[in-house]
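Asker: Sending over a structure as C-alpha cells; questions will come in a sec.
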Amino acid sequence: WVAKHIVNTKNSGNKVVAVVSAMAGETDRLVQLALSVMDPPDEREFDVITSSGEQVSSGMVAMMVKSMGEDAVSFQGHQIRILTNKSYSKAKIVKIDDSSVKKALRKGRIVIVAGFQGVDEENNVTTLGRGGSDLTAVALASVLKADSCELYKDDVDGIYTSDPGMVSSARKLSKISYEEMLEMSSLGSKVLQARAVQFAKQFKVPLHVKPTANPGAEGTWVLEEKKAMQDMEQTSISGVTYDKNQAKITLAHVPDRPGVAAKIFNEIGENEIVVDMIVQNISTEGFTDMTFTVPKTDFKKTLALTKKLVKELGVKKIVSDNKIAKISLVGVGMKTHSGVASKMFTALADEGINIMMISTSEIKISCVIEEKYTELAVRTLHEAFGLGDKK
C-alpha cells in the first residue's frame, strides 16, 4: 500500500517527499548481527551496519513507485547531506542541504529518503536514535516548508490518552499540542520520537499521525497549543504515560558544599547519560543524601561512574534500584486547573502505591513508584481523571 499511497498523493496535485524506515524487525536483526561480532560494538561501525535497513527500504519503495508508472528517486542521508554531530547512535541534525531534493521535485519526481541516518563533517555515517526516521521526516518538512508532515505508524492509529494495550478504555485524541506530545514522548510514550516533536515545535511543522494500514483515517494532529485546543473541551489532563526504562541511584552522606553536585553530574553528562529527576534531602551536619534517576539502559554505566566518585568526594554509600517506573500525568489544562497533584497522590495512595520521587512542570506531574505497580497505577489514574472512552 505504501507505494500506492505515495502515487495517489502525487496524483492529487502534491509534491511528495517520503521518508522510509527499515522493514519491520530489520533494525533489531542488524543490531544482533553487530553484537554477534563485537559486544559492546565499535560505535562508528555499529551505525554503518544499523543504517543499512533504511537504504534497502528506500531503494525498494522507489522501484515500487516506478513500477506504477511514476518517476521516483531515492536518496541516502549522505546524498542530501543530512549533516549531524559526531554522537553515534543518537546524532543530532545540524543542517540539511535540500538542493538535490528540490531539484528532483522540480523535475516532477517523487523523492524517497532513507530515514534514521546522516553523516558528520568527516562523512562518517551516523544514526539518529530509535524513531529517528520521524526526526528525518520533520527536519525535511521544515527545510522544504511543507504544508504538513504525515507520520504513519504500524501499531497505532493516532495518539491515545494512554497505552491502549494496558488501558482498554483509552481514547484516541483528534488533536494534541506540541507541548503535551513532547512531554508524553519524553515520559514514555513510544509513538513519536521526542526529538522529532521538539523539532516540529521549534519550526512549527504540523504533524499528522496516522495508521499505516489506513491512510485515510482521521489520526491525530500535533499542533500549536492554540490550534490544538480549538473545539476541544478544556480538561486538565490529556494523558497518562509510563516509563519502565528507569533506574534510581542514591548517594548517601554526600558532603554538602559548593561544587560537589556539579562534579557528580558533570561526570555523568560527559558520558552522554541523561539524568531525569533529582532530589536532595535537607542537609544535616554538613552532609546530605542525593537521589537521581537515569535510563535503565545506562544504569550499570552510571553506577560504575558514581562508584569512582565515592572516595574522591567522601560519599558514604550508594543505594541503587532498577525496578522502578515513572508514571506521569500530562495536560496543558494543568495551567488553569488546581488540585491535580492532590487528586493524583490520593488515587495512588488508595491503591496502596507508595511514591518515591515527585517531579513537576507547568503541564506534567511525574511520580516514581515500584515497577510492579505500573499497570495498576496507570489504570487507576486514567479512571480517576475520567480519560476513558465515554461511548
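The values are calculated or read from the model by the stated rules, or taken from the named source; none is laboratory data. It should be emphasised that the depicted structure is a prediction, and the values quoted were computed from it without experimental measurement. Neighbour counts are summed over all protein chains in view; Cβ atoms, including those assigned to glycine, are modelled from backbone coordinates with ideal geometry.
Asker: Do you know which of the residues in the stretch 115-131 that are modelled with pLDDT of 95 or more and out of contact with any Ser or Thr (no Cβ under 6 Å at 6 or more places or on another chain) is surrounded by the most Cβ atoms within 10 Å (Cβ to Cβ)?
Answerer: Narrowing the stretch 115-131 to residues modelled with pLDDT of 95 or more: 115-128.
From what is left, the residues that are out of contact with any Ser or Thr (no Cβ under 6 Å at 6 or more places or on another chain) are 119, 121-124, 128.
On the way: Val119: 20, Glu121: 10, Glu122: 6, Asn123: 9, Asn124: 18, Leu128: 29.
Checked the stretch 115-131; the qualifying residue surrounded by the most Cβ atoms within 10 Å (Cβ to Cβ) is Leu128.
Asker: Let me ask something additional. Quick one: is Leu329 at pLDDT 90 or above and assigned to a helix (DSSP H, G or I)? First the steps, then the outcome.
Answerer: On the way: at pLDDT 90 or above: yes; assigned to a helix (DSSP H, G or I): no.
Considered against the rule, which asks whether it is at pLDDT 90 or above and assigned to a helix (DSSP H, G or I), Leu329 comes out as no.
Asker: Confirm whether Asp71 is surrounded by fewer than 15 Cβ atoms within 10 Å (Cβ to Cβ) and modelled with pLDDT under 95.
Answerer: Details: surrounded by fewer than 15 Cβ atoms within 10 Å (Cβ to Cβ): yes; modelled with pLDDT under 95: no.
No, not satisfied.
Asker: Go through (1) more than 13 Å from the chain's Cα centre (by Cα); (2) not in a loop (DSSP other than H, G, I, E, B) and name the single condition Gly108 misses.
Answerer: So Gly108 meets the others, but not (2).
Asker: Return the residue satisfying two criteria in turn: it lies in the stretch 313-326 and is surrounded by fewer than 17 Cβ atoms within 10 Å (Cβ to Cβ) and out of contact with any Lys or Arg (no Cβ under 8 Å at 6 or more places or on another chain), and of such residues it is modelled with the lowest pLDDT.
Answerer: Only one residue tops the list, namely Gly314.
Asker: Continuing with this model, one more query. Quick one: how many residues across the stretch 194-215 are buried (at least 24 other Cβ atoms within 10 Å of the Cβ) and under 9 Å from the mean Cα position of the chain (by Cα)?
Answerer: 2
Asker: Something else now. When you go through Asp155, Asp163 one by one, which is the residue that is of a type in the set (Asp, Glu), farther than 26 Å from Lys227 by Cα and more than 14 Å from the chain's Cα centre (by Cα)?
Answerer: Working: Asp163 fails: farther than 26 Å from Lys227 by Cα.
When all the criteria are applied, what remains is Asp155.
Asker: While we're here: For the stretch 120-133, how many residues are aliphatic (A, V, I, L, M) and farther than 14 Å from Ser52 by Cβ?
Answerer: So the first thing to find is which residues in the stretch 120-133 are aliphatic (A, V, I, L, M), and the list is 125, 128.
Subsequent filtering for residues that are farther than 14 Å from Ser52 by Cβ retains 128.
Total satisfying the criteria: 1.
Asker: Sticking with this one: Within the stretch 221-271, restricting attention to residues that are aliphatic (A, V, I, L, M) and at pLDDT below 85, which residue is nearest to the chain's Cα centre (by Cα)? Steps first, please.
Answerer: As a first pass, look at the stretch 221-271 and keep what is aliphatic (A, V, I, L, M): 222-223, 228-229, 232, 237, 240, 247, 249, 251-252, 254, 260-262, 264, 268.
Restricting the remaining residues to those that are at pLDDT below 85 gives 228-229, 232.
Details: Ala228: 20, Met229: 23, Met232: 25 Å.
That would be Ala228.
Asker: Of all residues in the stretch 73-92, which are touching a residue at least 60 places away in the same chain (Cβ under 8 Å) and either over 15 Å from Ala137 (Cα atoms) or touching a Leu at 6+ places or on another chain (Cβ under 7 Å) (or both)?
Answerer: Scanning the stretch 73-92 gives Ser87, Lys90.
Asker: When you check Glu70 against the structure, is it in a loop (DSSP other than H, G, I, E, B), in contact with a strand residue (DSSP E or B) (Cβ under 7 Å, 6 or more places away or on another chain) and touching a residue at least 12 places away in the same chain (Cβ under 8 Å), yes or no?
Answerer: Taking the combined requirement at face value, the residue satisfies it.
Asker: Same structure again: In the stretch 286-304, which residue that is part of a helix (DSSP H, G or I) and among the hydrophobic types (A, V, I, L, M, F, W, C) is farthest from the chain's Cα centre (by Cα)? So that I can check it myself, show each step before the final result.
Answerer: Step one: of the stretch 286-304, the residues part of a helix (DSSP H, G or I) are 296-304.
Okay, now just the ones that are also among the hydrophobic types (A, V, I, L, M, F, W, C), so 299, 303-304.
Details: Phe299: 19, Leu303: 24, Ala304: 26 Å.
The qualifying residue farthest from the chain's Cα centre (by Cα) is Ala304.
Asker: Please return the ranges of helices (runs of 4 or more DSSP H) entirely within the stretch 1-56 where 1 or more residues are in contact (Cβ under 8 Å) with a residue 60 or more places away in the chain and small (Gly, Ala, Ser).
Answerer: Working: elements: 2-11, 26-37, 43-50.
So the answer is 2-11.
Asker: Here is a check on your reading of the model: is Glu351 closer than 20 Å to Lys248 by Cβ, in the same structural domain as Ile264 (by TED's automatic domain parsing) and at pLDDT 95 or above?
Answerer: The answer is no for Glu351.
Asker: So for the stretch 113-129 (the condition being within 16 Å of Ile6 (Cβ to Cβ), part of a strand (DSSP E or B), of a type outside the set (Ser, Thr, Tyr) and not assigned by TED's automatic domain parsing to the domain that holds Glu272), does at least one residue qualify?
Answerer: So the first thing to find is which residues in the stretch 113-129 are within 16 Å of Ile6 (Cβ to Cβ), and the list is 113-115.
From what's left, part of a strand (DSSP E or B): 113-114.
If we keep only those that are of a type outside the set (Ser, Thr, Tyr) too, we end up with 113-114.
With the extra rule that they be not assigned by TED's automatic domain parsing to the domain that holds Glu272, the set shrinks to 113-114.
Yes, the stretch 113-129 contains a residue that is within 16 Å of Ile6 (Cβ to Cβ), part of a strand (DSSP E or B), of a type outside the set (Ser, Thr, Tyr) and not assigned by TED's automatic domain parsing to the domain that holds Glu272.
Asker: Testing Ser142 on (1) out of contact with any Cys (no Cβ under 9 Å at 6 or more places or on another chain); (2) surrounded by fewer than 20 Cβ atoms within 10 Å (Cβ to Cβ), one condition comes back false. Which one is that?
Answerer: Result: Ser142 fails condition (1) only.
Asker: Still on this structure: Cβ-Cβ under 7 Å, sequence separation 6+ or interchain: first residue in the stretch 272-299 and at pLDDT below 90 and surrounded by fewer than 16 Cβ atoms within 10 Å (Cβ to Cβ), partner of a type in the set (D, E, K, R) and not in a loop (DSSP other than H, G, I, E, B). Which pairs?
Answerer: Every condition considered, the pairs that remain are Asn281/Asp289.
Asker: How many residues are over 20 Å from Thr212 (Cβ atoms) and in contact with a helix residue (DSSP H, G or I) (Cβ under 8 Å, 6 or more places away or on another chain) if we restrict to the stretch 39-56?
Answerer: 6
Asker: Now for a separate question. If we scan the stretch 256-270, do we find a residue that is assigned to a loop (DSSP other than H, G, I, E, B), assigned by TED's automatic domain parsing to the domain that holds Val378 and of a type in the set (Asp, Glu)?
Answerer: We begin by selecting, within the stretch 256-270, every residue assigned to a loop (DSSP other than H, G, I, E, B); these are 256-259.
Next cut, assigned by TED's automatic domain parsing to the domain that holds Val378 only: 256-259.
Pick out the ones that are also of a type in the set (Asp, Glu) and you get 256.
Scanning the stretch 256-270, I find at least one residue that is assigned to a loop (DSSP other than H, G, I, E, B), assigned by TED's automatic domain parsing to the domain that holds Val378 and of a type in the set (Asp, Glu), so the answer is yes.
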